[in-house]
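Visitor: The structure that follows is given in the form of C-alpha cells.
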Amino acid sequence: MNFLILLDGAKGAGKSTVCDLLQLRLPNTFFTGYKQKPKEEDDRAMMNVAIQQVREHLNAGENVEIHNHLTAKRLQVFSQLGEECGAMVLKYHLTAPVEVLLQRLRQRDVSMGRETDEKRFHAVHRTQQAKDFSEFKSFDTTTLSPEAIAGRILRDIKGRTGHGAGGADA
C-alpha cells in the first residue's frame, strides 16, 4: 500500500528540514510543498495543480509527501484525496513554543537578507494553533533534532505500511 504524508507545523517548526531528510530516505516518493506563499490570485491554480499531481502519483502507486501552507481546508482535501486513491494517510505535526519559532524565523530571515514580519507571523501562528491536530503524531522540535524526527517518522511508516523506507530502522 502506498502512502500520503501530511507534514504540518508553524513557520519555523522545521518542516522543510525534516522533509529534506525524508526525501533522502524515501524512494518512490513525490515531495511537494510551496516554498513561498503564493499570491492570492495564483493560489487556486496552484492548489489545482497540486491536487492533480498528488492524484497522478498516488494512482501510479507512488508515495507522496506534502508540507507547507497546509490550511485546515487543504488538510481535509488532501486527506480525502489520499483515501480516494487508496493510500494510507499519515499525519505528522511539528511543534515548538512561539518564542522559539519566532527566533528561528528571525534567524532565517536575516540569513536571507529580509525583514521578519512579526505581525504576520503571529496572525499565521494563531491560525495554525486553531487547527485540530488530534489525528496527528506530534513532535516537539525543541527536544528532538530534525534527524531524530525524520527517523521516528521513517520507523512509523515502516511499522504502519511495511515499507522499508530506505533505512527506516536506523
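Visitor: As I understand it, the value is the acute angle between the Cα axis of helix 40-59 and the longest principal axis of the Cα atoms of the chain; what does it come to in degrees, rounded to 10?
Guide: That works out to roughly 20 degrees.
Visitor: For the pair Gln129/Asp117, report the inter-label distance in nm, with labels modelled 7 Å from Cα in the Cβ direction.
Guide: It works out to 2.0 nm between the two label points.
Visitor: Which one of Gln129, Ile153, Phe139 is farthest out on the positive end of the charge dipole of the range 121-162, using unit charges on Cβ (Lys, Arg +1; Asp, Glu -1) and the Cα centre as origin?
Guide: The Cα lying farthest towards the positive end belongs to Ile153.
Visitor: How tilted is helix 118-129 with respect to the longest principal axis of the chain? Cα atoms for both, answer in degrees (0 to 90, nearest 10).
Guide: 40
Visitor: Which one of Arg25, Arg126, Arg55 has the biggest mean-square fluctuation once the chain is modelled by GNM with Cα springs under 10 Å?
Guide: Arg126
Visitor: Work out, step by step, the length gained on full extension between Gln80 and Val98: first 0.36 nm times the residue separation, then minus their alpha carbon distance; give nm to one decimal.
Guide: So the chain would gain 3.5 nm between Gln80 and Val98.
Visitor: Under 8 Å for C-alpha pairs, at least 6 residues apart: give me the relative contact order for the chain, rounded to a whole percent. Intermediate results must be reported in sequence, preceding the final value.
Guide: Numbers: 222 pairs, mean separation 60.0, N = 170.
Answer for the chain is 35 percent.
Visitor: Round to the nearest 10 and give me the degree value, 0 to 90, for the angle of helix 98-111's Cα axis relative to the longest principal axis of the chain.
Guide: 80
Visitor: Select from Thr17, Gln107, Leu4 the residue farthest towards the positive end of the dipole of the chain; place +1 on Cβ of Lys and Arg, -1 on Cβ of Asp and Glu, and compute about the Cα centre.
Guide: Most positive-ward Cα: Gln107.
Visitor: Can you give me the % of accessible surface on the range 1-152 that is carbon or sulfur? Probe 1.4 Å, all protein chains present, nothing else counted.
Guide: Working: 4200 of 8350 Å².
For the range 1-152, the apolar C and S fraction of the accessible surface comes to 50 percent.
Visitor: Okay, next question. Answer with a single label: of (1) 0.96; (2) 1.06; (3) 1.13, which was calculated as Rg/Rh (Cα atoms, Kirkwood Rh) from the structure in view?
Guide: Correct label, based on the coordinates given: (1).
The values are calculated or read from the model by the stated rules, or taken from the named source; none is laboratory data. Predicted model, so just to flag it, every value in this text is computed and none were measured. Note: ideal-geometry Cβ built from the backbone for every residue, glycine included; neighbour counts use all protein chains shown. The area values use the complete protein model at the heavy-atom level, side chains included, leaving out ligands, DNA and RNA. Shrake-Rupley method; radii C 1.70, N 1.55, O 1.52, S 1.80 Å.
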